[in-house]
Amino acid sequence: MKIMTFYNPLYFGHTRNMSKPPCANRQISFGADTLTINYYDKIGSKTRGDVLFEQTKEQMERFLGNLPVNPDSKKRGIEDISILDAGCGSGICSKYFIEKGYDVDAFDASYEMCKRASNYTGINVEHKEFSTFSPDKKYDGIYARNSLLHVPRDEFKDAIDSMTVLLKPNGILWGTIKAGNGEQRDNKNRLFNYYCIDEASKILSLAKNTSIVNIQQYGQEGDSSVIEFILRKDA
């Protein structure tokens with residue numbers, strides 16, 4: 001396992017103005033927090049899906065650069081490489097992958113975000129959670145940008161497992177989580193979970209039939225610091 005930690009001053013994230021989260025507001029199924037979903041439902045119709053920050057593009061290119069190389073690549077085009085955008089939000093990343101020619105599916109726990117993303121991308125974005133998304137296909141890559149970081153800490157491993165079972169052999173799960181400690185809410189009532197890189201590595205290493213390709217921290221611990229990781233499914 002390779003662990004790299006460095007500071008990137010261009011990396012930005014959510015403002016951290018936290019209070020202890022009321023656990024009674026969680027939904028029963030893992031991966032879904034009621035207050036967090038309510039926030040995204042409220043802003044779904046107002047969210048711009050066409051603003052692509054350079055930092056987001058860099059993340060997507062790192063994800064694409066780690067997709068499995070097919071030995072029979074001469075007979076397999078980009079349109080045959082399947083990607084799942086897990087927790088797609090407004091659909092900006094899904095749209096990016098679609099325009100590059102990949103076969104893209106997407107889901108989000110917010111109904112309003114699903115409507116926004118479906119309209120923006122032209123695909124049917126499913127209203128699902130990590131625990132309830134159950135397609136009849138496997139994926140070469142699963143992209144979970146800024147979605148797993150909303151999963152309650154005691155359900156994080158289950159959410160990871162629910163995604164890795166959807167991977168083809170050699171497929172990857174790419175994701176981001178917040179760097180820090182604890183489970184807290186911001187001033188918009190969104191639930192965020194913070195992990196030190198050692199803790200995240202330990203949890204990710206428990207995922208069955210996978211290995212950690214890379215895990216690294218971007219930014220100093222605090223408001224804008226995230227941990228980016230890649231898990232690869234065994235061949």
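Could we say that Ala159 is touching a strand residue (DSSP E or B) at 6+ places or on another chain (Cβ under 9 Å), hydrophobic (A, V, I, L, M, F, W, C) and under 22 Å from Ile37 (Cα atoms) here? Even if it seems obvious, please write down each step before you answer.
Working: touching a strand residue (DSSP E or B) at 6+ places or on another chain (Cβ under 9 Å): yes; hydrophobic (A, V, I, L, M, F, W, C): yes; under 22 Å from Ile37 (Cα atoms): yes.
Spelling it out, Ala159 is indeed touching a strand residue (DSSP E or B) at 6+ places or on another chain (Cβ under 9 Å), hydrophobic (A, V, I, L, M, F, W, C) and under 22 Å from Ile37 (Cα atoms).
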Of all residues in region 207-235 being surrounded by 14 or more Cβ atoms within 10 Å (Cβ to Cβ) and among the acidic types (Asp, Glu), which is nearest to the chain's Cα centre (by Cα)? Glu228
Of all residues in region 188-223, which are in contact with a Lys or Arg (Cβ under 9 Å, 6 or more places away or on another chain), under 26 Å from Ile43 (Cα atoms) and not aromatic (Phe, Trp, Tyr)? Leu191, Asn193, Gly222, Asp223
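Select from region 90-105 the residues that are out of contact with any Gly (no Cβ under 8 Å at 6 or more places or on another chain) and of a type in the set (Val, Ile, Thr) and list them in ascending order. Don't jump to the end; show me each part of the working.
Within region 90-105, the first condition is being out of contact with any Gly (no Cβ under 8 Å at 6 or more places or on another chain), and the residues that meet it are 93-94, 96-97, 99-100, 102-105.
Listed by number, the list holds a single entry, Val104.
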Within region 201-235, tally of residues that are in contact with a Pro (Cβ under 8 Å, 6 or more places away or on another chain) and either hydrophobic (A, V, I, L, M, F, W, C) or farther than 18 Å from Leu67 by Cβ (or both): 2
Having 3 or more residues that are modelled with pLDDT of 95 or more and more than 12 Å from the chain's Cα centre (by Cα) is the bar; report the strands (runs of 3 or more DSSP E) wholly within region 137-206 that clear it. 167-179
For region 130-163 the number of residues that are touching a Phe, Trp or Tyr at 6+ places or on another chain (Cβ under 6 Å) and free of Cβ contacts under 8 Å to residues at least 40 places away in the same chain is 0
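The values are calculated or read from the model by the stated rules, or taken from the named source; none is laboratory data. All values derive from a computational prediction rather than experimental measurement. A quick note on method: Cβ atoms are made from the backbone with ideal geometry, for glycine too, and the neighbour counts reach across all protein chains shown.
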